[in-house]
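Undergrad: Here's a structure for you.
The values are calculated or read from the model by the stated rules, or taken from the named source; none is laboratory data. Quick caveat, the model's predicted, so the values are computed rather than measured. So basically every Cβ, Gly included, is an ideal-geometry build from the backbone, and we count neighbours across all protein chains shown.
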């Protein structure tokens, strides 16, 4: 659980984000929209810088990665192949009482006494009659009526004798209570008999929390029956059961029973093209006679369903062959993409950490299967062979070395933009956590203010990026679903294969065959399909000799928005200073690394009413501006202007004063540069300013 | 209409885009998805460069523009305020015959003879009986049966006498035809009578095009009735009508009648959040008894409807106050945004020019209303006052000068990335074309290969960007719909107002009042609403004295994808060269401006098997790489490598040869730089290379 101090920290961060224009609630003037956040002027710059740095590091700075920018809406078949249509969902439960919907795995266990009700009948006519009896008699009267009804019911066709006997008993009962002005029992019996005909038979259970009166459980049950058309529910059989252990079967808000969990897809759906009718065209005033026609047309429209991508990765797999063929790359190589993705999260939370619209930076780095590496190089480098600190891609790397390489690369990236190793964490997914096709997945974590502490008070952190070794699962799936070959031809492999001894060939072939067999038979349902899968695995294994294989992939997949939040949380700092008069003041400072800082330099003329200072300052601004984002400010005292830039996270401020103009001749054409983090100031030649700043911000 | 040559040009461009990895069809391996395009490695770089240049020019290079990055999914109320929910639609018609859907304004007028049919009955039992008669008798037999039926029908309760008379007539008729082995007319009559009971009464019209046989019109009509449950339609009354003028009332494909045009919204819809049930949850196997419940839940779900933004502009208006309050900007200032937008175009066309998912670069530049400018400056600069070539924002500019300024700025931007004025066009929207709230809109056009020629053979071009003067419409709408004030406070105005003579105040106040009145009364429906609107206009006008007003806006709105297509079309060139042996070869070259070119420089060692050349070349690559996208290539002859870069549009190639290593000592540490456009080569010192290239690409 988050502790108060940590929540306070998040509150301060959210508040600063809004106050300084880093992050606003989307559609704020309309009350917002849950799970959507906008980036204001400073946030937009910060985000651009981060994406640009990633793109630089991943594509432009390397020979072995090509870029891609695919659409958000793609063929829905892509999401069938990827498995998202079938499995990308959260288990949801509905409360049968308050009708709210919850994520099944977020229900807090509760304990208490379970009240089981078997049904209810409408007492709106019966109860007013009963209430004419004095309160102390009502229970007895009611049970008499019910017994009366039970006796009566036992007779399928009661004889006059029996009817008279019952009437006599009723009279006797009435006489005992001496309530002459109360309605006769026969009248109560009539209303009861009618109401019971239309009773609701649905059983309903309610959990009574410790310390609550039994009546509250009945009240909750009554609401349940009211929603099912019983206006004034009189509850039928009631049975209680003491729980032995806490359960997640009841609503945390109203303690009604929950439904069984049902999967709720996290993909946003929409329709593409001018469908004749879609569910979205449905209007409540549709003529009921036309419903059948409407549904028929509706089913036609279903063909036009499409999804907003829940990840950017799949487009890379779908365009793998196009990129391979046009980019002059050879395996190993990667395809990188930055772009929006959408997940209809049930409970967006932790500010921008888990939102419904977010941005990803994903690399799919395609590598040779280990069998191919071994065929070409004779061996596959193991982890201990490669010193992490000096990792440099080698041709004998198998998936483990490549996986470790990318974990290292990505950690270096985070360090390079100001997230020190102490603020980061690493989580190696266990066999249980891994997807069935994945061989390994390492998460890089950041210690957010909302990150949970373990029992020792240690914070592991929350995921910034996952680096997964996904085998050849994705390309194989797309090959199977599209019918288009997704493999590559590698002449190095073909040449090497011919020179291998027979035993080696057999060994490698068998291992490759087994891997393909495992994959291909997984989706085979009939024995014919199993046969076909085995045949295909055999063919795939034969491909090795021809230089053919399906590449494996290492996937470093990072979330932009959570990285921005990490950078903001990491940069956030408060400094309390005391002035000469002993007055203390707390100022806020965003200690962004100069590489990501939204504004690189503030440029100030010392005084705004001295045209020569202003002119010179604007010259400096115009000198720097083509190379970086600068902020020209002439308003208020220099101290105020520094403070503003501190809050914006600007690492450097440049002030043009009279010395710049030559008041002290030896300082002509020098400026004061002031460092955000320590407030230090020094003079620099204007001619050296650009080079100095460039060296810091790149 | 596009001419063959132009189509050929587009075909070549589309082909090169795919071949070189500029643009791929989205989801190509799954047969694509109409209206969606992916950018391959070169296209992604090109697009990034263009967006980055726009962002630089519009925000970082200016003091008066702040950036924003808002979500694609926003509160649906934004689209009510903007008017999109009500009016952003295309008129659509459905063909009653083939059921296809078309844009009403894209139906080609047709002429011919209209066949009107009043209905049909099922002849599946009647026709086989009729067909037992020899073909030459069938018409007579059929009309006899119909006449018979008519006679019979005239008698509500026919007497035996009449029945016998009819029978006699039938016998006589049969005797005349001497067809003893044909079925009796009474049998035909019985089947006809039964079939006519269940006839389809829907009228149907079909257009018979000139030169087509009448039978084809009947066949089309029969299909119409088949779709309405008549298996073997025998057409009832047929009436023809010769058209005087061409009409758009009939399907261009099957010539059946079209429905009246209905609006089809161009916004993509989706649902946000875990709605209990949405139309999208509908499954065809739903229990019919549960339909009512389903629809009730469905209507609940409708509250969660959301749209994919059809433009980026509205987020800027919605966040106007947040940006104003956090960015230290004062009117006039702008907010810029780059991002995806979605329109469910009925007919996406012209490659990426009109697609369903696209990217926009939009600036909303907020200015003072003319009355405010006049109050502060005493006058409003008119167009002739400002020389376009020396436009520099002045405080006395009204909307016209600001509008012209932004048209000029944007044209300069296009020139700066290689689109010369000759390739561009300008269209000033006429009063008829303008939105009711807009004061002016100037479109900047590019002459695409598919752009139409007018009767003089001139090409106007198609829209790259529109620069609209939108008055204070947008902010006013959001103020009205959100209930949140969208106006600003301007102390300059307040100070100036107090010094104005009474007559001037009255004059300005009246003009401002009239403008507000026009806007506010437009949406008033009842007399109470009109009164409220007038009161509000009065209050708004009173605000001037307090320094309050709602800013007006100039909106330069550009499409990224169509700009990319313009740059590609503009860059595309073929060069046919003839070698020494007289063999001619056509090579393709993309003459991108260095600022937008995906790759800025190719870096080649002369030979790949000379380690010292390779090492030096990689040093040069690593020298340039932090500053620009370079492509290192050691494969094939230098000529081939040049040609590859020509096709990619790389403006410069740098070759490292033995002279670089000092073979000719005076050339030590020099490289050959080769220019794409003219093939010119010159030597440059390695130490000067970076500065030289930077000067060209920035």
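Undergrad: Considering each of A:69, A:45, A:52 in turn, give the residue that is more than 7 Å from every other protein chain (Cβ to nearest Cβ) and at pLDDT 95 or above.
TA: That would be A:52, the only listed residue that is more than 7 Å from every other protein chain (Cβ to nearest Cβ) and at pLDDT 95 or above.
Undergrad: Looking only at region B:439-468, which residues are more than 26 Å from residue B:677 (Cβ to Cβ), in contact with a helix residue (DSSP H, G or I) (Cβ under 8 Å, 6 or more places away or on another chain) and not in a strand (DSSP E or B)?
TA: If the condition is that a residue be more than 26 Å from residue B:677 (Cβ to Cβ), in contact with a helix residue (DSSP H, G or I) (Cβ under 8 Å, 6 or more places away or on another chain) and not in a strand (DSSP E or B), then B:439 is the only one that fits.
Undergrad: State yes or no: is residue B:561 farther than 30 Å from residue B:681 by Cα, within 14 Å of another protein chain (Cβ to nearest Cβ) and either at pLDDT 95 or above or in contact with a helix residue (DSSP H, G or I) (Cβ under 8 Å, 6 or more places away or on another chain) (or both)?
TA: So residue B:561 passes the test.
Undergrad: Here are the criteria: (1) within 10 Å of chain A (Cβ to nearest Cβ); (2) surrounded by fewer than 24 Cβ atoms within 10 Å (Cβ to Cβ). Tell me which single one residue B:40 does not satisfy.
TA: (2)
Undergrad: Considering only residues that are within 7 Å of chain B (Cβ to nearest Cβ) and either in a helix (DSSP H, G or I) or touching a helix residue (DSSP H, G or I) at 6+ places or on another chain (Cβ under 7 Å) (or both), which ones fall in region A:316-349?
TA: Passing the criteria: A:318, A:322, A:323, A:326, A:327.
Undergrad: Sticking with this one: Just give me the residues in region B:229-273 being within 14 Å of chain A (Cβ to nearest Cβ), farther than 30 Å from residue B:306 by Cβ and surrounded by fewer than 15 Cβ atoms within 10 Å (Cβ to Cβ), in sequence order.
TA: Within region B:229-273, just B:229 meets the criteria.
Undergrad: Can you tell which of A:636, A:679, A:662 is within 14 Å of chain B (Cβ to nearest Cβ) and at positive phi?
TA: Only one candidate passes the filter, namely A:636.
Conditions tested, residue by residue: (1) out of contact with any strand residue (DSSP E or B) (no Cβ under 6 Å at 6 or more places or on another chain); (2) at pLDDT below 95; (3) surrounded by fewer than 16 Cβ atoms within 10 Å (Cβ to Cβ).
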position: A:520; (1), (2), (3): yes, no, no
position: A:539; (1), (2), (3): yes, no, yes
position: A:546; (1), (2), (3): yes, no, yes
position: A:575; (1), (2), (3): no, yes, yes
position: A:578; (1), (2), (3): no, yes, yes
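Undergrad: Let me ask something else. Would you pick out the residues in region B:415-437 that are touching a helix residue (DSSP H, G or I) at 6+ places or on another chain (Cβ under 8 Å) and crowded, with 16+ Cβ neighbours inside 10 Å?
TA: B:417, B:418, B:419, B:423, B:424, B:437
Undergrad: Also, I was wondering about something else. Taking into account only those residues within region A:91-111 that are over 21 Å from the mean Cα position of the chain (by Cα) and within 15 Å of residue A:256 (Cβ to Cβ), which is farthest from the other protein chains (Cβ to nearest Cβ)?
TA: A:110
Undergrad: Would you confirm whether or not region A:619-628 contains a residue that is assigned to a loop (DSSP other than H, G, I, E, B) and over 30 Å from residue B:53 (Cα atoms)?
TA: Taking every residue of region A:619-628 in turn, none turns out to be assigned to a loop (DSSP other than H, G, I, E, B) and over 30 Å from residue B:53 (Cα atoms).
Undergrad: When only residues in region A:5-18 that are touching a helix residue (DSSP H, G or I) at 6+ places or on another chain (Cβ under 9 Å) and touching a residue at least 60 places away in the same chain (Cβ under 8 Å) count, which is farthest from the other protein chains (Cβ to nearest Cβ)?
TA: Here the answer is A:9.
Undergrad: Just to be sure I understand, how many residues within region A:235-247 are farther than 21 Å from residue A:223 by Cβ and either within 27 Å of the chain's Cα centre (by Cα) or free of Cβ contacts under 8 Å to residues at least 40 places away in the same chain (or both)?
TA: 1
Undergrad: What about residue A:622, is it without any contact (Cβ under 8 Å) to a residue 12 or more places away in the chain, surrounded by fewer than 21 Cβ atoms within 10 Å (Cβ to Cβ) and within 14 Å of chain B (Cβ to nearest Cβ)?
TA: yes
Undergrad: Can you tell me which condition residue A:642 does not meet? The list is (1) within 14 Å of another protein chain (Cβ to nearest Cβ); (2) part of a helix (DSSP H, G or I); (3) under 17 Å from residue B:326 (Cα atoms); (4) touching a strand residue (DSSP E or B) at 6+ places or on another chain (Cβ under 9 Å), and all the others hold.
TA: (1)
Undergrad: Now, a different point. Pairs please, first residue from region A:637-649 and surrounded by fewer than 18 Cβ atoms within 10 Å (Cβ to Cβ), second anywhere and part of a helix (DSSP H, G or I), Cβ atoms under 8 Å, 6+ apart in sequence or on different chains.
TA: Listed pairs, sorted by first residue: A:647/A:16.
Undergrad: Quick check: is even one residue across region B:686-698 out of contact with any strand residue (DSSP E or B) (no Cβ under 7 Å at 6 or more places or on another chain) and in a loop (DSSP other than H, G, I, E, B)?
TA: Yes, region B:686-698 contains a residue that is out of contact with any strand residue (DSSP E or B) (no Cβ under 7 Å at 6 or more places or on another chain) and in a loop (DSSP other than H, G, I, E, B).
Undergrad: Next question. Of the conditions (1) under 30 Å from residue A:454 (Cα atoms); (2) surrounded by fewer than 22 Cβ atoms within 10 Å (Cβ to Cβ); (3) more than 9 Å from chain B (Cβ to nearest Cβ), residue A:34 fails just one. Which one is it?
TA: Condition not satisfied by residue A:34: (3).
Undergrad: Being in a strand (DSSP E or B) and surrounded by fewer than 17 Cβ atoms within 10 Å (Cβ to Cβ) is true for just one of B:612, B:663, B:585. Which residue is that?
TA: Exactly one residue qualifies, and that residue is B:585.
Undergrad: Restricting attention to region A:477-515, which residues are under 23 Å from residue A:313 (Cα atoms) and within 14 Å of chain B (Cβ to nearest Cβ)?
TA: Passing the criteria: A:477, A:478, A:479, A:480, A:481, A:482, A:483, A:484, A:485, A:486, A:487.
Undergrad: Restrict the check to region B:143-160 and report whether at least one residue is in contact with a helix residue (DSSP H, G or I) (Cβ under 9 Å, 6 or more places away or on another chain), assigned to a strand (DSSP E or B) and either at pLDDT 85 or above or surrounded by 13 or more Cβ atoms within 10 Å (Cβ to Cβ) (or both).
TA: no
Undergrad: Something else about it: Given the structure, is residue B:533 under 15 Å from residue B:372 (Cβ atoms) and surrounded by 15 or more Cβ atoms within 10 Å (Cβ to Cβ)?
TA: no
Undergrad: Just give me the residues in region B:55-66 being more than 8 Å from every other protein chain (Cβ to nearest Cβ), surrounded by fewer than 24 Cβ atoms within 10 Å (Cβ to Cβ) and in contact with a helix residue (DSSP H, G or I) (Cβ under 9 Å, 6 or more places away or on another chain), in sequence order.
TA: Listed by number, the residues that qualify are B:57, B:65.
Undergrad: Another question about this same structure. Touching a residue at least 24 places away in the same chain (Cβ under 8 Å), buried (at least 20 other Cβ atoms within 10 Å of the Cβ), closer than 27 Å to residue A:499 by Cα and more than 14 Å from chain B (Cβ to nearest Cβ): is that true of residue A:397 in this structure?
TA: Against the criterion (touching a residue at least 24 places away in the same chain (Cβ under 8 Å), buried (at least 20 other Cβ atoms within 10 Å of the Cβ), closer than 27 Å to residue A:499 by Cα and more than 14 Å from chain B (Cβ to nearest Cβ)), residue A:397 qualifies.
Undergrad: Which of the numbered conditions does residue A:27 fail, given that it passes all the others? Conditions: (1) more than 7 Å from chain B (Cβ to nearest Cβ); (2) buried (at least 24 other Cβ atoms within 10 Å of the Cβ); (3) under 27 Å from residue B:561 (Cβ atoms).
TA: (1) is the only condition that residue A:27 fails.
Undergrad: Which residues, taken from region B:304-313, are more than 19 Å from residue B:54 (Cα to Cα) and either at the interface with chain A (Cβ under 9 Å from one of its Cβ atoms) or surrounded by 22 or more Cβ atoms within 10 Å (Cβ to Cβ) (or both)?
TA: Across region B:304-313, the qualifying residues are B:305, B:306, B:307, B:308, B:309.
Undergrad: Check A:626, A:556 and return the single one that is touching a strand residue (DSSP E or B) at 6+ places or on another chain (Cβ under 7 Å) and more than 19 Å from residue A:644 (Cα to Cα).
TA: A:556
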